[in-house]
Amino acid sequence: VGKGTLGVVRVAHKRTQQGVESLYAVKEFKRRPGESDNKYSRRLTSEFCISSSLKHVNIIETLDLLQDAKGDYVEVMEYCSGGDLYTLIIAAGKLEYVEADCFFKQLMRGVNYMHSMGVAHRDLKPENLLLTDRGTLKITDFGNGECFRMAWEKEVHMSGGICGSSPYIAPEEYTSEEFDPRSVDIWACGVIYMAMRTGRHLWRTATQDDEFYVKYLEGRKVK
């Protein structure tokens, strides 16, 4: 049902003794080139620990982390039959206000909960937002996720480095050594909303080298 640089997602089914069949999404993790067994294991365990600790209606439910016969890891998650938001936007051309506002509200509820738990996603984009057959939005793919605050801490740990998909990356990731990871998630949410309403990317990168981003800065209202 999905394929990325570092993983493939397939549908699996399980039948109970009562004959009831349930569907699950199974993400098969690929190894990075030259990645050692230790680093591979640490990376996947980290993603699983983050995603499985989050329990919210707008965040995908992660159920288990298993090893197959080849020693590769697979992550078992709930299955969303509605596909992803990106596919819906492409099929529709653009979403009307009522639809976009409904999905945006769900996205912000999921992000607010995630941040309250001390977790930043760092790769929010329509491809990482799944939909159920009833239109419930679910945030998925915590491969770039990070904990910016532990349960016993009050202070936020700053982030650094550029990660995510170019049109959704916040400008401070290009210009600052350190930044609040919550802010880059919120920026991505705003860009996602505009992608829903316009059916296109506003710019390639939020940098001064991109003419469309520069035009946005020039036309932005300053209070």
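The values are calculated or read from the model by the stated rules, or taken from the named source; none is laboratory data. Just so you know, these numbers come straight off a predicted model, no measurement behind them. Please note: Cβ atoms are built from the backbone with ideal geometry, for glycine as well, and neighbour counts cover all protein chains shown. Please note that ligands, DNA and RNA were not included when accessible areas were found on the heavy atoms of the full protein model with its side chains. Shrake-Rupley method; radii C 1.70, N 1.55, O 1.52, S 1.80 Å.
Points worth noting:
- Cα-based Kirkwood hydrodynamic radius, the chain, one decimal, Å: 18.8 Å
- Size of charge dipole - the stretch 20-129 - debye, nearest 20, with Cβ of Lys, Arg +1 and Asp, Glu -1, no other charges: 480 debye
- Solvent exposure of the stretch 100-176 amounts to 47 Å² per residue of accessible area, where only protein heavy atoms count and the probe is 1.4 Å.
- Among 34, 161, 118, residue whose mean-square fluctuation peaks in a GNM of the chain (springs only between Cα atoms under 10 Å): 34
- Legend: distances between Cα atoms for 125/154; 14/94; 55/125; 30/105; 39/154; 27/70; pairs beyond 26 Å are 125/154; 14/94; 30/105; 39/154.
- Cα gyration tensor shape of the stretch 131-223, rounded if a/c is under 1.5, else prolate or oblate by comparing a/b with b/c: oblate
- Rounded FRET efficiency, nearest 0.05, which uses the C-beta distance separating residue 69 from residue 162 and R0 of 35 Å: 0.45
- Across the chain, the relative contact order, built from alpha-carbon pairs under 8 Å that are at least six residues apart, equals 16 percent.
- Estimated 222 nm signal from helices in the chain, with DSSP H stretches of n ≥ 4 weighted -39500 (n - 2.57), rounded to 500: -10500 deg cm²/dmol
- The stretch 144-223, relative contact order in percent, only Cα pairs under 8 angstrom and at least six apart counted: 22 percent
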